[in-house]
Amino acid sequence: MAARRTPDFEAWETLVLQASRQGGAGVLGSLLAHWQEHARREVILCDCGEQMSSRGRRSKRLLTTLGAAPFARSFYQCQQCHQARFPDDERLDIINTTYSPGVRRLMARAGSQTQFEQAADDLLCYAGLKIEAREIERVAEDVGRQVEQWLCDQQEELLDRGVNAPPKLEPGAKFYVSFDGTGVPVRKSELAGRRGKQADGSARTREAKLGCVFTQIALDKEGYPQRDPDSTTYVGAIESSTLFGWRLYAEAMRRGLDQAKTVIALTDGARYNRTIVQTHFPDAIHIVDLFHAYEHLTAIARLLGGQEAKAPKAWRNLLEAGAISRLVRKAGKQLPTSAKSKKAMLKELHYFENNAFQMRYAEFRQLKLFVGSGVVEAGCRTVIGERLKQSGMRWSVRGANAIIALRCCLLSGRFEDFWAARAR
Ligand SMILES: [Zn+2]
């Protein structure tokens, strides 16, 4: 008997997988043909109201998760206005596309995670699908816009008619909304007439706004608040703060804002943030993020003592105690001599004066509330930075918003809901 040789296990795996895919694609094609043969005959109407007539079958390339599957469907045309329709494409959610819903879902996910070239490699490696990077870009952005449309429809319905199935909040849960902005590098054409932070006054980026909604019940061993695991959902876009305010409000409503006994709004203290809080969350405890406040304190120290200066411990103690008027008196005792620095200094002091009520940190800590907006900062990195701010990237606002919508949906755990809603 011949000695049994060790098999090339990986080669077996590859071969069998290829064969299963090929066989599977054939089965899928037969299933589709069978469904078409036995489907109930329906009258197909044109938009103009006329009955459309069948003009025979047309085949099209269809890429499924199993590979290319044979597919042909009836072509209908209106005798009055010559409009055409492929009813089977409509039923299968493959209008004007050669990718099955399953493949589009993979393309959207892959394209939302990494650069499109990398996504093409990933799809080939993990799913055996050979698709060009450009196609992944196009389809991922397309799906992103559909996600955005789905979210907008929900938002509108919610604002018109209220939440139809509000989630149950745990008793005692504290309800947080937090939001911030981060710059997304965009193409020159998106920046016409905009002033920016570059040395010559030009801009390189547009601000994407990101909002988080999360809840908190537990405290850690040291008595600090702990975010409920998996409770964070995100919304975001490059858009005006007015539109963003409504977007965030709708998300908070969807998450159960109505039932929350304690609502906290955590922001960086910028003026548009305050307007959003006053407009949409008037009953919330508004807290200005302690770390942003530290930064402004450091800015004052630098105006007085140069680039290396740090804020004295006494100032930081006053800040953490929430003794803002004392802090302003102490830090503002001396003003820099140059007019420019003096102006900058007064601006910083006003920041503290304007936000004093939102900086009652000692009181907030006693209430066991978060005083730092770490969640939204991490969110800005994860949702936006990691995908949209890599070196060499230049986005169109339309493309960036599609990918932001996609990532918010995925990272909020709602991607499955989106596809389920489409299938309905
Ligand atoms: Zn017609």
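The values are calculated or read from the model by the stated rules, or taken from the named source; none is laboratory data. Only a predicted model underlies this, so the values are computations on that prediction, with no experimental measurement involved. Note that we place each Cβ from the backbone using ideal geometry, even for glycine, and neighbour counts take in every protein chain shown. Note: accessible area is taken over every heavy atom of the protein model, side chains too, but ligands, DNA and RNA are not part of it. Shrake-Rupley method; radii C 1.70, N 1.55, O 1.52, S 1.80 Å.
Inside the stretch 3-45, residues that are within 16 Å of the ligand (Cβ to nearest atom) and surrounded by fewer than 12 Cβ atoms within 10 Å (Cβ to Cβ) make up a count of 1. Restricted to strands (runs of 3 or more DSSP E) entirely inside the stretch 46-153, those with at least 3 residues that are within 16 Å of the ligand (Cβ to nearest atom) and open to solvent by less than 80 Å² (accessible area, probe 1.4 Å) are 52-59, 72-78.
Ala140 passes every criterion in (1) under 23 Å from Ala68 (Cα atoms); (2) without any contact (Cβ under 8 Å) to a residue 40 or more places away in the chain apart from (2). Criterion first (among the polar types (S, T, N, Q), within 30 Å of Ala192 (Cβ to Cβ) and buried (at least 16 other Cβ atoms within 10 Å of the Cβ)) does Asn401 satisfy it? Yes.
With the structure loaded, tell me whether Leu388 is farther than 30 Å from Asp220 by Cα and either of a type in the set (D, E, K, R) or surrounded by 19 or more Cβ atoms within 10 Å (Cβ to Cβ) (or both) or whether it fails that test. For Leu388, the condition - farther than 30 Å from Asp220 by Cα and either of a type in the set (D, E, K, R) or surrounded by 19 or more Cβ atoms within 10 Å (Cβ to Cβ) (or both) - is met. Of all the listed residues (Val371, Val277, Val375, Val288), the sole one being under 30 Å from Thr114 (Cβ atoms) and under 36 Å from the mean Cα position of the chain (by Cα) is Val375.
Among the conditions (1) modelled with pLDDT under 95; (2) part of a strand (DSSP E or B), the only one that Val263 does not satisfy is (1).
Within the stretch 24-56, the set of residues being within 38 Å of the chain's Cα centre (by Cα) and among the small types (Gly, Ala, Ser) comprises Gly24, Ala25, Gly26, Gly29. Annotation note: Cβ proximity below 6 Å between a residue of the stretch 177-196 that is closer than 16 Å to Arg387 by Cβ and a residue that is part of a helix (DSSP H, G or I) (sequence gap 6+ or interchain) occurs for Thr182/Cys380; Thr182/Ile384; Val184/Leu388; Val184/Ala400. Tallying residues that are modelled with pLDDT under 90 and farther than 19 Å from Gly372 by Cβ within the stretch 266-289 yields 2.
Just checking, does the stretch 79-93 include any residue being over 25 Å from Asp417 (Cβ atoms), under 24 Å from the mean Cα position of the chain (by Cα) and without any contact (Cβ under 8 Å) to a residue 12 or more places away in the chain? Within the stretch 79-93, none of the residues are over 25 Å from Asp417 (Cβ atoms), under 24 Å from the mean Cα position of the chain (by Cα) and without any contact (Cβ under 8 Å) to a residue 12 or more places away in the chain.
Could you please find all residues in the stretch 154-175 being of a type in the set (Lys, Arg) and buried (at least 19 other Cβ atoms within 10 Å of the Cβ)? Result: Lys174, single match. Pairing each residue of the stretch 311-336 that is free of Cβ contacts under 8 Å to residues at least 60 places away in the same chain with any residue that is of a type in the set (A, V, I, L, M) and exposed (fewer than 14 other Cβ atoms within 10 Å of the Cβ), provided the two are 6+ apart or on different chains, yields C-beta distances under 6 Å for Ala321/Ala362; Gly322/Ala362. Annotation note: Cβ proximity below 6 Å between a residue of the stretch 242-267 that is surrounded by fewer than 21 Cβ atoms within 10 Å (Cβ to Cβ) and a residue that is basic (Lys, Arg) (sequence gap 6+ or interchain) occurs for Thr262/Lys174. Sort through Ala173, Ala110, Ala133, Ala120 and tell me the only one that's within 25 Å of Thr232 (Cβ to Cβ), modelled with pLDDT of 95 or more and among the aliphatic types (A, V, I, L, M). None of the other options fit; the residue is Ala110.
Scoring Gln226 on the criteria (1) part of a strand (DSSP E or B); (2) touching a residue at least 60 places away in the same chain (Cβ under 8 Å) leaves a single failure, condition (2).
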